[in-house]
Amino acid sequence: HEVVGVDTNPFKVDSIQRGRSPIVEAELEGLLGRARERGLLSATSCMDEAVRGVELVLVCVGTPSREDGSLNLEHVKRATAEVGRALPGSGAYAVVVIRSTMLPGSVEGELVPVLEQTSRLRAGEDFGVAYNPEFLREGSAVRDFFGAPLTVIGVADEGAARPLRAVYDGVRGEVVLTSIRSAEMLKYVSNSFHALKVAFANEIATLCKREGVDAHEVMSLFVRDTKLNVGPAYLRPGFAFGGSCLPKDLRALRHRARERQLELPVLEAVLPSNERHVQQAIQLIERLRKRRIGVLGLSFKAQTDDLRESPILRVVGTLVGKGHTLLLHDPCVDLDRLLGANRRFVEDEVPYLPTLLRADLDALLDACEVLVVANGAEEYRAIGPRVRPGQILVDLVRAVDPASVTRGEYVGLAW
């Protein structure tokens with residue numbers, strides 16, 4: 001496939017043109033470099049140039065939360081309007097494929113009218129529309145794409161699905177056609193369940209610790225029943241969930257439920273439960289009564305530089321506000337490379353981050369009384385033998401084998 005990327009950010013465009021990834025994501029840079037060498041990939045800031053003669057236009061724009069938890073479609077509407085204005089000059093029947101996460105009815109009720117108004121064309125007659133949700137996890141997105149067990153395409157007619165099916169030729173897993181509204185809802189069902197699994201496992205772990213039971217042993221037994229129970233993804237006691245998807249999508253679903261005057265007590269309970277887990281981490285660290293604290297891992301999960309709604313940053317902010325001395329480390333976070341919403345989040349929510357971030361892990365280990373492991377980066381998993389006498393390792397994600405901490409003290413969050 002020949003692919004043209006479009007973005008208003010010149011850094012992203014330039015990175016793609018040089019065959020470099022503008023973000024930290026395993027295996028992505030190699031794919032981009034090979035695609036550039038073969039002449040199959042390019043990038044531009046000109047929508048008209050990108051859309052000319054194409055069969056598919058993929059819209060992959062963020063849908064952040066508003067302050068009240070509702071979904072903000074302003075960015076995707078602006079991008080869709082640009083696509084609509086360019087469609088008459090495309091010279092081909094193009095299918096506009098929405099990839100952004102949005103609530104049921106958004107594509108047909110809000111985006112199709114924008115496309116028709118700006119293009120002065122008719123959906124289903126002059127251009128096609130499809131919704132193709134993505135289920136890629138940051139840090140393993142490439143493997144998730146090629147190893148997907150299921151690919152879902154929401155369309156109103158088979159004609160719109162045909163060119164999109166061709167994109168997935170050679171990708172493992174079943175391709176399923178459904179309605180656009182069902183495809184929109186599926187993403188929320190998936191993310192809400194993933195969020196629920198994280199909160200469930202953490203609540204079980206909290207109770208297990210109080211009862212003197214090994215939560216990891218219990219949950220490892222639980223997930224072995226793959227017939228009646230669920231798969232193992234997310235069902236591992238650890239820290240609170242965060243990132244750009246799960247919190248935002250839960251807020252949007254809760255807001256929609258209130259609009260519909262529905263009571264969904266389980267979904268309503270997930271975010272408060274998640275927040276309680278953050279507070280437990282803060283209380284655990286404060287009970288140690290140490291002042292010099294090193295935090296290892298800032299992104300909401302290893303192998304990504306995404307800091308948006310990362311729960312450890314709330315812990316950091318609270319401890320800084322209470323007068324603790326903090327030093328921070330993350331192998332994937334380079335403040336000079338942060339982009340878009342990720343950079344804005346740092347500037348708005350954690351402006352003190354540049355003064356606390358350290359590149360030298362050894363110096364941080366030497367300077368701190370408490371080491372807080374907040375994601376499962378490979379170098380943190382091997383840190384146990386380096387904990388010195390009198391030093392405390394607080395493991396929020398069960399990244400470190402407790403038996404490897406032979407000289408200092410190991411403390412788990414809920415185990």
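The values are calculated or read from the model by the stated rules, or taken from the named source; none is laboratory data. All values reported here derive from a predicted model rather than from experimental measurement. Positions of Cβ are generated from backbone atoms using ideal geometry, with glycine treated the same way; all protein chains shown enter the neighbour counts. Accessible surface areas use protein heavy atoms only, side chains included; no ligands, DNA or RNA. Shrake-Rupley method; radii C 1.70, N 1.55, O 1.52, S 1.80 Å.
Tabulated results
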{"quantity": "The stretch 193-253: C-alpha gyration tensor shape, a/c 1.5 cut-off, then a/b vs b/c", "calculated": "oblate"}
{"quantity": "Cα long-axis angle, helix 340-349 against the chain (0 to 90 degrees, to the nearest 10)", "calculated": "40"}
{"quantity": "Shape category assigned to the stretch 28-185 from the gyration tensor of Cα positions, a/c cut at 1.5", "calculated": "rounded"}
{"quantity": "Antiparallel content of DSSP bridges confined to the chain, in %, to 5", "calculated": "10"}
{"quantity": "Difference of contour (0.36 nm per residue) and Cα-Cα distance, LEU136 to ALA269", "calculated": "45.3 nm"}
{"quantity": "Sulfur and carbon atoms: percent of accessible area, the chain [1.4 Å]", "calculated": "51"}
{"quantity": "Charge dipole magnitude, Cβ of K and R +1, D and E -1 - the chain, Cα centre, debye nearest 20", "calculated": "800"}
{"quantity": "Cα shape, the stretch 1-103, gyration tensor, a/c 1.5 rule", "calculated": "oblate"}
{"quantity": "Extension gain from GLU378 to GLU211, taking 0.36 nm per residue of separation minus the Cα-Cα distance", "calculated": "57.0 nm"}
{"quantity": "The stretch 200-298, relative contact order in percent, only Cα pairs under 8 angstrom and at least six apart counted", "calculated": "24"}
{"quantity": "Dipole magnitude of the stretch 1-155 about its Cα centre (Cβ charges: Lys, Arg +1; Asp, Glu -1), debye to nearest 20", "calculated": "280"}
{"quantity": "Surface per residue (accessible, 1.4 Å probe) for the chain, Å²", "calculated": "49"}
{"quantity": "Length gained when the stretch ILE282-ARG162 is fully extended (0.36 nm per residue, less Cα-Cα span)", "calculated": "38.0 nm"}
{"quantity": "Among ARG210, ARG254, ARG292: highest mean-square fluctuation, GNM of the chain, C-alpha pairs under 10 Å", "calculated": "ARG210"}
{"quantity": "[x] -1.21, -1.48; [y] -1.29, -1.69; [z] -1.09, -1.21, with the label sought being that of the calculated log10 I(q)/I(0) by the Debye sum over Cα atoms at q = 0.13, 0.15 Å⁻¹", "calculated": "[x]"}
{"quantity": "The chain: relative contact order as a whole-number percent, Cα under 8 Å and 6+ apart", "calculated": "12"}
{"quantity": "Label-point separation, ARG20 to SER70 (7 Å along Cα→Cβ), nm", "calculated": "4.1"}
{"quantity": "Gaussian network model of the chain, Cα within-10 Å springs - most flexible of THR325, THR226, THR206", "calculated": "THR226"}
{"quantity": "ARG34-ARG52 pseudo-label distance in nm [points 7 Å out on the Cα-to-Cβ vector]", "calculated": "3.0"}
{"quantity": "Top of VAL112, VAL230, VAL373 by mean-square fluctuation, Gaussian network on the chain, Cα under 10 Å", "calculated": "VAL230"}
{"quantity": "Pairwise FRET efficiency - LEU262 versus THR226, Cβ, R0 = 30 Å, nearest 0.05", "calculated": "0.40"}
